[in-house]
Amino acid sequence: MTIVGLTGGIGSGKTTIAKMFQSMGVPVYYADDEAKKIMNTSSLVKNKLIDVFGEETFIEGELNRPYLADIVFNNKSDLLKINAIVHPEVEKDFRNWLTQQKFNYVIQENAIIFENKNEDRFDIIITVTAPKEVKIDRVILRDHTTREKVLERMTKQLRDDYRISHSKYVIYNTDLEQSKNQVVKIHKQLINRKNS
């Protein structure tokens with residue numbers, strides 16, 4: 001079975017692309033969603049996060065996302081600490097999920113494959129990208145935020161040219177119909193791919 005990583009920067013529309021693959025029967029694992037679930041349900045992860053970041057990490061048993069987001073966006077070493085706690089559990093969960101899949105290939109949608117130096121865990125990587133202004137507009141609309149805040153988040157992410165140069169496929173996601181055509185083309189190639 002081929003393991004495909006699907007990644008892209010903020011506002012690239014990688015979840016939209018993942019859902020296009022999913023609509024064609026491809027099993028998709030949404031790493032960010034699963035990480036949030038694990039942070040809210042795993043007592044091991046909860047206790048470790050509280051030990052490192054304090055009691056205010058959770059409010060009435062629920063993850064205090066704004067509190068953690070502030071930490072993550074302002075301190076790289078704290079981001080590494082969160083990743084060291086959460087990502088091994090996500091990887092375990094993904095490996096367990098993988099054993100239940102029967103399709104030719106699976107996709108893990110994951111925003112930080114390259115940031116976490118996890119590219120070797122995938123047979124193929126697809127990067128989703130879009131022009132900077134398109135990405136900014138999407139995030140403002142989605143998160144009800146300001147241009148300044150979006151730009152600040154962008155400066156803390158890897159540049160697209162790095163992702164693109166390290167990916168087998170690139171989907172230019174500006175027009176939904178054109179994106180769908182790109183997805184179908186890649187899907188056909190992945191279906192016919194012989195595992196080496």
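Any read-out appearing in this document is the output of simple, stated calculations on the displayed coordinates, not a laboratory observation. This structure is a prediction, so every number in the text was calculated from the model and none was measured. Cβ atoms come from the backbone with ideal geometry, glycine included; neighbour counts cover every protein chain shown.
Summary of values
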| item | result |
| --- | --- |
| Candidates GLU177, GLU34, GLU119: whichever shows maximal mean-square fluctuation once the chain is modelled as a Gaussian network with Cα springs under 10 Å | GLU177 |
| Segment ASP123-LEU158, length gained on full extension (0.36 nm per residue, minus Cα span) | 10.5 nm |
| Choice from THR99, THR145, THR16 showing the highest fluctuation, given a GNM over the chain with Cα pairs closer than 10 Å | THR99 |
| Max mean-square fluctuation residue, GNM over the chain, Cα-Cα springs under 10 Å, options ASN173, ASN96, ASN83 | ASN96 |
| Distance violations [Cα-Cα > 23 Å] among LYS36/LYS188; LYS156/LYS188; LYS36/LYS185; LYS81/LYS117 | LYS36/LYS188; LYS156/LYS188; LYS36/LYS185 |
| THR16 paired with LYS36, simple spin-label distance in nm, labels 7 Å along Cα-to-beta-carbon | 1.9 |
| In degrees, nearest ten, helix 132-143 long axis to first principal axis of the chain (Cα) | 50 |
| Ellipticity estimate at 222 nm from DSSP helix runs (n ≥ 4, -39,500 (n - 2.57)) divided over the chain, nearest 500 | -17000 deg cm²/dmol |
| Cα-based radius of gyration of the chain once divided by 2.2 N^0.38 Å, which approximates compact folds | 1.06 |
| Relative counts (whole %) of C-alpha pair distances in segment 40-100, using bins that are 10 Å wide | 21, 50, 23, 5 |
| Peptides 20-33, 123-136, 148-161 ordered by average Cβ neighbours within 10 Å, highest first | 123-136, 20-33, 148-161 |
| Chymotrypsin sites (Phe, Trp or Tyr not before Pro) restricted to segment 74-178 and DSSP loop, no more than 16 other C-beta within 10 Å | PHE103 |
